[in-house]
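Reading through the structure tokens given below for one structure.
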Amino acid sequence: MAECDWDEMFLRSEYDGPVLPWDRFRRWVTCFCIVTFDLELGQALELVYPEHIELTDREKTSICYLAFPDSNSGCMGDTHFHFRIRCSPRSCRRSQLVMRFEDEVPLAYRSDPAHFYGFAYFRQVKDPSIQRGYFQKSVVLISRLPYVNLFSEVVQLIAPSYFENGELTLETVCHDIDQWPYPEAGHTLQLPLMGNVMQVRVPSRGDKPGAVSSPDHPLPTHIVPQMPSPKVIPTLKDPDIFRCLQSVLPHIHLLWELALTNEPIVVMAPSPTICSETVQALASLISPLHYCADYRPFFTIHDTEFKEYTTRTQAPPGVILGVTNPFFAKTLQHWPHMVRIGEMSNLVISSKRSPGIGQNAKRTLSSKPGIYTKYKQFLSKDKLIFRRLSKGNHPKRPPEVQNAILRRHMVELTQSFMIPLERYVASLMPLQRSISPWKHPPGLRPFDADEFLTTLEHSGPQLTSRLKGNWVGLYRKFFRCANFEGWLRHRQQEIRQKLELLHLEVLGKADVVGWIQDKQEVETVDLFLQIKEKLAGSASIYPPVSLEVKQQLKGHLSSIIRTLPEDLQFVLKNS
């Protein structure tokens, strides 16, 4: 009997097949929507492109209402912003290529199965030929990827052309995007669009936190011939936190604590652009920790979750809401933390207190920019960072340098907080010598908050951070929030995958033939099926199972099957 070709059987499962129409497009973008104002219907969906894309009625309604500024009387001309909405669950098979990509990028850069990100470009201009007297229309890019900087650039590039040329622009754009390379972790990509080229780098899990992920220089011209010089987009999603939060910068450490512990925050801003950028900046303050709670860069009174978030019968949820409508000043008055942002300009950095800290200030949009809260910080400020930023005013330091200084400071603060947790969780992993090839991989010990807190005296964040205060109290509050739950769940999954990988390596080196010599046939068959199942599931393990280990396991299958009767060999081979 010929030996079973295990290489062919299992490598076939890792092959994604030919590139089908719209495959590459769908890896980046879900669709484009055109939203217009109808005198009878109000904001209405005029077009979805590509036409085969199906959206639920609830998704269409949300997109329509969020595609226009909530109070657009002052938004003459062009306005661009982004939003985030819940989407209906869809049953779709993710390819091995997609799953591998999701494993290789940081958590914050993965596609979101529960939400759509919308990137809107709204135009309002006087037009006497229209009964209402104004042309009002919005081009919206919808994606599951949170690549705010990239897609904001895309929609700003294509929307003016759409307003000039209509649907032909969307056809051209979708064709261009369908030619883009697949997103690939750790790689610099050239993305041609309408005669332009954007250059981005997709981060990898192996990147050093806080490191600049943008390419230092354009790719050689022979890689993308006959293309114009690319526009380098420094990061796919990280906002300029210095520019977005400069009016409340003296309280950056307070904002960090609020974001870290998923406190309910309302951001009130004069425009949807400033509003959405500020919310994005707040959610990114705790990077490289992924913000796991809900956040809405732009929220309106028509949102499907409006009643859920404005009810006074229960405590506000741990959500960051971005609003522009003055109506929310009263409706959300019971929310514990309000951040008011004015028009973004070249402010001078100072350490003066912003209005409202610890006060019951009246919450109106006419109030000065600042933070209105009674929250008592666990940690003190790091005054050194403010002195460094203040020195940048004289002589004038480039804004991107100021942002890099502030971003590095926030990353280091988050790392100081998380490193003790990372170290403790790593200690919950069983010793490698306890892994047996003949038993299931051992489990990791449960997280014990009290046990962890006892480790802080000798290995706590005070060893790497200048901030003083009640670190233990901050950890206890952190343990009760979605960020901790999401982080712990992800780390436990990573450790289980590591244990599974170690188990496969031990099994690959084991003397399988010697072990089955004195075993019953049923035990031999059971081992065969277990190894086969592990091989089939090895594609979902990260880091990837090495080719050497796969070959060892396939060799075990061939060795085992030769010891069995021919009729049983036939059954197992075709099972």
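The values are calculated or read from the model by the stated rules, or taken from the named source; none is laboratory data. Values in this document were obtained by computation on a predicted structure and should not be read as measured data. Note: ideal-geometry Cβ built from the backbone for every residue, glycine included; neighbour counts use all protein chains shown.
The table below lists the values:
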item: Test for residue 221: is it modelled with pLDDT of 95 or more and either on the phi < 0 side of the Ramachandran plot or out of contact with any helix residue (DSSP H, G or I) (no Cβ under 9 Å at 6 or more places or on another chain) (or both); result: no
item: Residues being in contact with a helix residue (DSSP H, G or I) (Cβ under 8 Å, 6 or more places away or on another chain), of a type in the set (Phe, Trp, Tyr) and at pLDDT 95 or above - total across the stretch 162-183; result: 2
item: Members of the stretch 112-151 that are touching a Pro at 6+ places or on another chain (Cβ under 8 Å), part of a loop (DSSP other than H, G, I, E, B) and free of Cβ contacts under 8 Å to residues at least 60 places away in the same chain; result: 112, 113, 114
item: Subset of the stretch 176-188 (residues that are buried (at least 18 other Cβ atoms within 10 Å of the Cβ) and either within 16 Å of residue 101 (Cβ to Cβ) or within 20 Å of the chain's Cα centre (by Cα) (or both)); result: 180, 183, 185, 188
item: Contacts under 7 angstrom Cβ, first residue in the stretch 252-274 being closer than 22 Å to residue 381 by Cα, partner of a type in the set (Lys, Arg), 6 or more apart; result: 253/381; 261/477
item: Residue within the stretch 152-164 that is touching a Lys or Arg at 6+ places or on another chain (Cβ under 7 Å), touching a residue at least 60 places away in the same chain (Cβ under 8 Å) and crowded, with 21+ Cβ neighbours inside 10 Å present; result: no
item: Scope the stretch 313-338; condition buried (at least 20 other Cβ atoms within 10 Å of the Cβ) and either on the phi > 0 side of the Ramachandran plot or outside any loop (DSSP other than H, G, I, E, B) (or both); matching residues; result: 320, 321, 322, 323, 328, 337, 338
item: The lone exception for residue 309 - which of (1) without any contact (Cβ under 8 Å) to a residue 40 or more places away in the chain; (2) surrounded by fewer than 19 Cβ atoms within 10 Å (Cβ to Cβ); (3) under 21 Å from residue 63 (Cα atoms); (4) not basic (Lys, Arg) it fails; result: (2)
item: Sole exception among (1) outside any loop (DSSP other than H, G, I, E, B); (2) under 30 Å from residue 291 (Cβ atoms); (3) at pLDDT 95 or above for residue 548, by number; result: (2)
item: Residue 403 vs. criteria of a type in the set (S, T, N, Q) and assigned to a helix (DSSP H, G or I); result: yes
item: Search result, residues across the stretch 340-368 that are crowded, with 18+ Cβ neighbours inside 10 Å and either charged (D, E, K, R) or modelled with pLDDT of 75 or more (or both); result: 340, 341, 363
item: Scope the stretch 552-569; condition assigned to a helix (DSSP H, G or I) and either among the hydroxyl-bearing types (Ser, Thr, Tyr) or surrounded by 13 or more Cβ atoms within 10 Å (Cβ to Cβ) (or both); matching residues; result: 552, 553, 554, 555, 556, 557, 558, 559, 560, 561, 568, 569
item: Qualifying position, being surrounded by fewer than 23 Cβ atoms within 10 Å (Cβ to Cβ), within 23 Å of residue 185 (Cα to Cα) and not polar (S, T, N, Q), among 264, 288; result: 288
item: Residue in the stretch 112-146 that is nearest to residue 58 (Cα to Cα), counting only those that are of a type in the set (Ser, Thr, Tyr) and surrounded by fewer than 20 Cβ atoms within 10 Å (Cβ to Cβ); result: 134
item: Conditions (1) in a helix (DSSP H, G or I); (2) closer than 22 Å to residue 245 by Cα; (3) among the hydrophobic types (A, V, I, L, M, F, W, C); (4) touching a helix residue (DSSP H, G or I) at 6+ places or on another chain (Cβ under 7 Å): number failed by residue 371; result: (1)
